[in-house]
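Only one structure is covered here, and it is reproduced in the block below.
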Amino acid sequence: MIRPEIDSIFSKPSPDSVMAAGRLRGAPRVMRLIPFLSLVWLGWIFGPAIFNIGVEFGRWLWPTLASLPVFLFLYWRGYSCPRRHNLWYAVAIAALGAAVTPFNPFAETYLIYACAVAAFCVSMRLSVGLMLAMLLLYSLEWLWLGFPWPYLANAVLMGLIVGIMGLYQNVVQRRQAELRLSHEEVRRLAASAERERIGRDLHDLLGHTLSLVALKSELAGRLIGRDPSAARREIAEVERVARDALSQVRSAVSGIRAAALVPELASARLLLETAGVQMEYWRDGRELPSDVETCLALVLREAVTNVQRHARANRVEVTVIAGEERVVMRVRDDGRGGVNARGNGLTGMRERVQAMGGELSIDSARGHGTAIEVSLPMPPSHGKPAAQGVQATPVPRHAGSHA
């Protein structure tokens with residue numbers, strides 16, 4: 001009966017915990033490591049030995065050593081527990097520091113960690129109030145013990161700085177979660193609208209045709225006994241109507257499978273914003289054939305997915321330029337580069353482009369980002385500029401927050 005509770009304490013973080021939020025795809029990688037990297041400052045608690053004042057605090061070592069495993073457990077739980085429990089672990093860490101301080105004044109280090117944990121409470125007002133209360137009560141204890149106040153001022157200042165940094169990180173995580181939810185909602189609504197459109201199209205397309213087939217089949221059944229030639233004509237008409245319907249269904253399915261470039265650019269920008277990546281794109285106003293536009297949209301989708309999953313980039317540029325004979329799309333990022341030309345879906349990209357008679361080139365030097373260029377031929381009947389000439393449509397947009 002106790003085992004599930006123990007597993008919940010020591011197993012993976014709670015889904016709404018600080019640590020789980022840092023592990024989500026798209027979260028800044030540096031923020032995932034901050035709770036662990038911050039532990040390097042824990043060595044400051046051995047200040048009596050570092051500054052050779054252990055003689056004045058002769059009993060500092062054993063209380064300090066005994067407090068370390070308790071602190072590590074509370075610190076882990078503070079970042080892995082549900083956010084509604086953060087304040088209790090912050091208070092527990094601050095109380096641990098207050099208990100050890102009479103033996104070791106460098107236990108003020110625990111107070112700074114308590115401020116870091118308190119920054120991730122369910123509301124910013126609660127976080128700020130809790131940090132100020134802990135700092136005030138600890139200051140009163142410090143002054144009551146008669147320790148030098150300049151050291152207290154240093155601890156309070158560091159606690160405030162660490163707390164403010166934690167509050168900023170908390171705001172960033174919340175905004176990223178909101179962007180992620182909005183992206184999922186946009187995709188859900190788009191899929192729902194597409195299903196409704198497909199249903200209406202198929203109803204309009206097949207409703208009349210199937211009714212006509214049923215009527216003519218019924219008529220042929222009545223005529224087959226007394227007028228076989230008329231029945232054969234009706235059956236031939238049923239066959240013609242069915243073939244026309246089949247042709248229309250194939251055309252409709254081709255339209256459903258097609259992907260437009262402008263919506264794909266908007267979806268790519270939203271996806272990268274969710275991952276904290278700035279995206280800028282530029283395309284001219286030239287109309288593209290549906291098959292060319294679909295090919296570019298699918299290549300763009302694959303390229304942006306690779307950036308979001310593998311590139312560790314901060315910025316992405318997408319450019320689409322249509323000429324009289326060819327259309328060129330470039331996708332460039334400033335990530336880590338070193339992309340394998342046979343991996344990350346690039347083989348499928350190349351095959352899709354080559355099937356259209358185009359070319360795909362990849363420049364991905366390690367440490368210098370990745371540039372993908374797609375060149376597709378334009379049919380002779382297309383490539384005419386818009387009514388007012390080639391109009392640039394720059395739409396720069398960057399993510400609302402970065403780590």
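What to note about this one:
- For the condition within 16 Å of Glu302 (Cα to Cα) and either outside the structural domain of Val304 (by TED's automatic domain parsing) or modelled with pLDDT under 85 (or both), Thr347 qualifies.
- Condition met for Ser251 (at pLDDT 80 or above, among the polar types (S, T, N, Q) and on the phi < 0 side of the Ramachandran plot): no
- Some residue of the stretch 287-295 being of a type outside the set (A, V, I, L, M), assigned by TED's automatic domain parsing to the domain that holds Val331, modelled with pLDDT of 85 or more and surrounded by 22 or more Cβ atoms within 10 Å (Cβ to Cβ): yes
- Taking the numbered list (1) over 16 Å from Leu360 (Cβ atoms); (2) buried (at least 17 other Cβ atoms within 10 Å of the Cβ); (3) charged (D, E, K, R); (4) modelled with pLDDT of 85 or more in turn, Glu280 passes all entries but (2).
- Candidates Glu324, Glu302: the one that is out of contact with any helix residue (DSSP H, G or I) (no Cβ under 9 Å at 6 or more places or on another chain) and within 23 Å of Pro377 (Cβ to Cβ) is Glu324.
- Test result for Gly323, at pLDDT 80 or above, within 28 Å of the chain's Cα centre (by Cα) and in the same structural domain as Met279 (by TED's automatic domain parsing): no
- Filter result for Ser375 (assigned by TED's automatic domain parsing to the domain that holds Leu270, small (Gly, Ala, Ser), at pLDDT 90 or above and over 23 Å from the mean Cα position of the chain (by Cα)): yes
- Qualifying helices (runs of 4 or more DSSP H) (wholly inside the stretch 53-133; at least 2 residues being farther than 20 Å from Met165 by Cα and either in the same structural domain as Trp149 (by TED's automatic domain parsing) or modelled with pLDDT of 85 or more (or both)): 61-80, 86-100
The values are calculated or read from the model by the stated rules, or taken from the named source; none is laboratory data. Here the structure is a predicted model, which is why all the values come from computation and not from measurement. Cβ: placed from backbone, ideal geometry, glycine included. Neighbour counts: every protein chain shown.
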